[in-house]
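*Asks:* Quick one: structure below, then a few questions.
The values are calculated or read from the model by the stated rules, or taken from the named source; none is laboratory data. A quick note: this is a predicted structure, and the numbers were derived from the prediction, not measured. All Cβ positions, glycine included, derive from the backbone under ideal geometry; neighbour counts span all protein chains shown. These accessible areas exclude ligands, DNA and RNA; they are computed on the full protein's heavy atoms, side chains included. Shrake-Rupley method; radii C 1.70, N 1.55, O 1.52, S 1.80 Å.
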Amino acid sequence: MTTRTDAPTRREQILKEAARLFAERGFHGVGVDEIGAAVGISGPGLYRHFPGKDAMLAELLVGISGQLLTGAKRRLAEAEGVTGAEPLLDSLIEGHIDFALDDRPLITLHDRELDRLRDTDRKLVRQLQRQYVELWVEVVREVYPELAEPSARSAVHSVFGLLNSTPHLGRPGALPGRGATAELLHRMARGAFAAAGA
């Protein structure tokens, strides 16, 4: 998830380009030389930063899962003392929309390449994702107390599917603009939760 405003480190540049290339051509369709060329260094120069492509993939997928969880916890902590759970839910939705619009290659990468991770890394991704889901479930049930826990969990997963559909919305230039797209996704997410809680 991209939230920093300072210049990215070389390692971050490599990961960003690796994510883009892996998403465009698949993990096995990209060589280290191509990743290196995308950031202006030789392929073997990448080995000063990563032991190989597998390590890049693991850092990308474990990293984004951890960042989503950390970001959600931070948003909830910042909203402490706010009256009602609706602002909490809006904040969680906004955070996930930022990810869905700004890190679209990682969504594609997760969908296609998660099974390529070592078992330990894949289990860690799933563990982080479960914790992230449970944060949402708790907030959704505060907003819609009549919603049973299994239904709330299903609703959260459904909203993630909706928000994570951004790679299929067309090329970035084909979208109506980031602000308008974010507003549309937010309305749709709230509408889905309202329908589940009706």
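*Asks:* Considering only residues that are among the hydrophobic types (A, V, I, L, M, F, W, C) and either assigned to a helix (DSSP H, G or I) or on the phi > 0 side of the Ramachandran plot (or both), which ones fall in the stretch 175-198?
*Replies:* Those that are among the hydrophobic types (A, V, I, L, M, F, W, C) and either assigned to a helix (DSSP H, G or I) or on the phi > 0 side of the Ramachandran plot (or both): 180, 182, 184, 185, 188, 189, 192, 193, 194, 195, 196.
*Asks:* If we keep just the residues of the stretch 146-170 that are in contact with a helix residue (DSSP H, G or I) (Cβ under 7 Å, 6 or more places away or on another chain) and over 16 Å from residue 92 (Cα atoms), which is most open to solvent (accessible area, probe 1.4 Å)?
*Replies:* Of everything passing the filter in the stretch 146-170, 146 is most open to solvent (accessible area, probe 1.4 Å).
*Asks:* When both residues are 6+ apart or on different chains and their Cβ atoms are under 6 Å apart, which pairs have a first residue that lies in the stretch 23-51 and is modelled with pLDDT under 90, and a second that is part of a helix (DSSP H, G or I) and open to solvent by 10 Å² or more (accessible area, probe 1.4 Å)?
*Replies:* Pairs found: 43/32; 43/33; 46/32.
*Asks:* Restricting attention to the stretch 161-174, does a residue exist that is assigned to a helix (DSSP H, G or I) and more than 30 Å from residue 14 (Cα to Cα)?
*Replies:* Taking the stretch 161-174 first, the residues assigned to a helix (DSSP H, G or I) are 161-163, 166-168, 172-174.
Those left that are additionally more than 30 Å from residue 14 (Cα to Cα): none.
No: the stretch 161-174 contains no residue that is assigned to a helix (DSSP H, G or I) and more than 30 Å from residue 14 (Cα to Cα).
*Asks:* Test each condition in (1) open to solvent by 30 Å² or more (accessible area, probe 1.4 Å); (2) in contact (Cβ under 8 Å) with a residue 40 or more places away in the chain for residue 138 and report the one that comes out false.
*Replies:* All conditions are met except number (2).
*Asks:* I need every pair where a residue in the stretch 113-128 that is in contact (Cβ under 8 Å) with a residue 40 or more places away in the chain and open to solvent by 20 Å² or more (accessible area, probe 1.4 Å) has its Cβ under 6 Å from the Cβ of a residue that is assigned to a helix (DSSP H, G or I) and β-branched (Val, Ile, Thr), sequence separation at least 6 or different chains.
*Replies:* Sorted first by the residue in the stretch 113-128, then by its partner, the pairs are 121/62; 124/62.
*Asks:* Mind listing whichever residues of the stretch 41-82 are open to solvent by less than 40 Å² (accessible area, probe 1.4 Å) and among the polar types (S, T, N, Q)?
*Replies:* Hit for the stretch 41-82 is 65, nothing else.
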